[in-house]
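Participant: Dropping a structure here in structure tokens format, bear with me for questions.
What follows draws every value from the coordinates through simple rules; no lab data is involved. From a predicted model like this one, the values you see are computed outputs, not experimental measurements. Don't worry about glycine lacking a Cβ; one is built from the backbone with ideal geometry, like all the others, and counts go over all protein chains shown.
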Amino acid sequence: QVQLVESGGGLVQAGGSLSLSCAVSGRTFSRNKMGWFRQAPGKEREFVAAINWSNSNTYYTDSVKGRFTISRDDAKNTMYLQMNSLKPEDTAVYYCAASWSTTWWTRGYNYWGQGTQVTVSS
């Protein structure tokens, strides 16, 4: 079993920054990738960013490119999402997820965290 715990959400003004963390525990051997997703009120969950756990290659959705940075610390078994130049439309519950699948970046996630709220005020 795998457990994921997000932290770091909060309230920030537009243009500000927040950093999210996702601590992973359990049977994580051979994990392929990890990602961040978000879900705004009344909307479907959407992909934000992902990182290959072996080579640290990354992939972002277009709306966050140049503003968000995904990274990982293998020693701490933790993934991060640095969010800069935040916009009100970034407001959502942010979830981290882990995948053992070699499918496309946005698919094949097996385990999910409970989510952390990010609110960006205008």
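Participant: Can residue 75 be described as of a type in the set (Gly, Ala, Ser) and in contact with a strand residue (DSSP E or B) (Cβ under 6 Å, 6 or more places away or on another chain)?
Facilitator: So residue 75 does not fit the description; no.
Participant: Every residue in region 67-101 that is under 12 Å from residue 51 (Cα atoms) and polar (S, T, N, Q), please.
Facilitator: 69, 71, 78, 99
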